[in-house]
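None of the figures in this text is laboratory data; all of them are computed from the coordinates on show. Bear in mind that the values here come from a model prediction, so they are computed numbers and not experimental data. Cβ: placed from backbone, ideal geometry, glycine included. Neighbour counts: every protein chain shown.
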Amino acid sequence: MKKTLIFLLLVSIQFVNSQELALVKKNSKIGYLSKDGSFKIEPQYKSARSFSEGLAAVENGGKWGFIDTKGTWVIPADFKDAKDFNNGIAVVQKDKEWVYINTKGEIQKAPATEKVFDFNDGVAFIRQNNKVGLINNKMTVVLEPKYDQIKPFENGYARVELNKNWGIINTEGKELVEPAYAEIGNYFKGTTWARKDKTFGLVSGGKFIPVDGAEKIWDFETQDLTYAKKNGKIGYIDLKGNWAILPIYDKGKAFSKNLAPVLVGKKWGFINPEGKFVIEPTYSDAEVFSTNGLAPVKESNWGFINESGKLVIPTQYGITTNAIIAMFTQQDKGFISGVARVKNEGKWGFLKPDGTVLANQWFENAELFSKSEKPQPVAAPTEAPKQETKTSKPAAKSTPKPAAKKKK
């Protein structure tokens, strides 16, 4: 007897027929490239932003509006400027005011604020009497303005400042770490690093755990080790605050794929969690491994090695933009969603893991690929409802402006 699958209409947010598009500039015009190397939207715009939640802000005749992935205008170009959508809300400049709109282009009435902020992780800041709080995409206050400063949310958590002390909250405004520290790090597995007076340590379960001799601690990333400085040298600590790898290196970076780049003298190599070199110090610079098992390494230029240290893509590319652009655009280095953004002879393109260039095309500018479809409710089987798919944060527009503007 066949087993009958019972489907319930669960509101399971998923990306249906999801695709990724990259903003690229060719012949001084901006278009959108698919992962197969073909143009989904031919270059035709003077200024534009990357796709976010199925819409991209583009300029037409000095005004900004939004197009869909077919290049069709969904929200007419009636705005002086426009930002990315997040949780169905975008910030636009209408005449002289910055306001919120939904995906239909309708202006949303927001609580009073001295400054209009972009949405991030489903919430936006409001400022009243020089104090900062949070609103959600329904324009409801979820945290009354009480902090002196809130940093942008990362993975659902944000650093907050109150009376020159720092703590951590979540997107519901709940205080996870009370503002009691002179400095504080990101929130990872219920733990953060912090500085109390002149002592660096970890905060876990509401307790401050000093780290022996630490002069500085960096954020935990994807693994349960992070790098820290003692006596001017870099080592690695675990989530309990113990020195798992003694501080003997001149510089270090995060662990990924159980490998971390470290500097000895003038050369970078990679160590494992036991502190043993898997890839001997050979390169003038190195970045962390991507999920596909390749890491950028530099000789005179950048190439890529695999986890055994074999150079699989020659060191002939650039991987970073200039410092001014880096303030406004994503600077993730290495392979992201299957391709790596690289520069060669003044042009930008996308490398595939086999070292070939996507569609053998180079561009005047190229942003990272970003998810381009709207999240939609779909039917899911009761046996195994699918989880929410998290998208990468879209890149900023090619001609960047500050992330938030004051109302005038």
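Neighbour counts of C-beta atoms inside 10 Å place Phe200, Phe188, Phe304 in the sequence Phe188, Phe200, Phe304, starting with the fewest.
Evaluated at q = 0.13, 0.19, 0.21 Å⁻¹, a Debye calculation over the C-alpha positions of the stretch 133-258 (equal weights, vacuum) places log10 I(q)/I(0) at -0.54, -0.99, -1.14. Cβ-Cβ distance of Asn272 and Ser300, R₀ of 30 Å, FRET efficiency by 1/(1 + (r/R0)^6): the value works out to about 0.60.
Derived value for the stretch 50-167: Kirkwood hydrodynamic radius 15.0 Å. Basis is the mean of 1/r over every pair of different alpha-carbon atoms. Gly205 sits among other residues whose Cβ lies under 15 Å from its own Cβ, and their net charge, with Lys and Arg +1 and Asp and Glu -1, is +1. Counting Lys +1, Arg +1, Asp -1, Glu -1, what net charge surrounds Val24 among other residues with beta carbon under 12 Å of its beta carbon? Summing Lys and Arg as +1 and Asp and Glu as -1 gives +3. For the pair Asn155 and Lys29, the difference between a 0.36 nm per residue extended length and the Cα-Cα distance amounts to 42.0 nm. Label separation (Leu246 vs Glu114): 5.2 nm, computed from points 7 Å beyond Cα along the C-beta direction. All other residues whose Cβ lies under 15 angstrom from that of Ala214 are scored, Lys and Arg at +1 and Asp and Glu at -1, for a net of +2. Computing FRET efficiency as 1/(1 + (r/R0)^6) for Val312 and Gln44, where r is the C-beta to C-beta distance and R0 is 30 Å, gives about 0.25. Which whole-percent values make up P(r) of the stretch 154-221 when all C-alpha to C-alpha distances are grouped in 5 Å steps starting at zero? Using 5 Å bins, I get a P(r) of 4, 20, 31, 28, 13, 4, 1, 0 for the stretch 154-221. In the stretch 193-247, the C-alpha radius of gyration followed by the widest Cα-Cα span (Dmax) gives 10.1, 29 angstrom. For the stretch 203-228 and the stretch 247-319, what is the centre-to-centre distance using only Cα atoms, to the nearest Å? Each part reduced to its Cα centre gives a spacing of 23 Å. Of Lys251, Lys109, the sequence from fewest to most neighbouring Cβ atoms within 10 angstrom is Lys109, Lys251.
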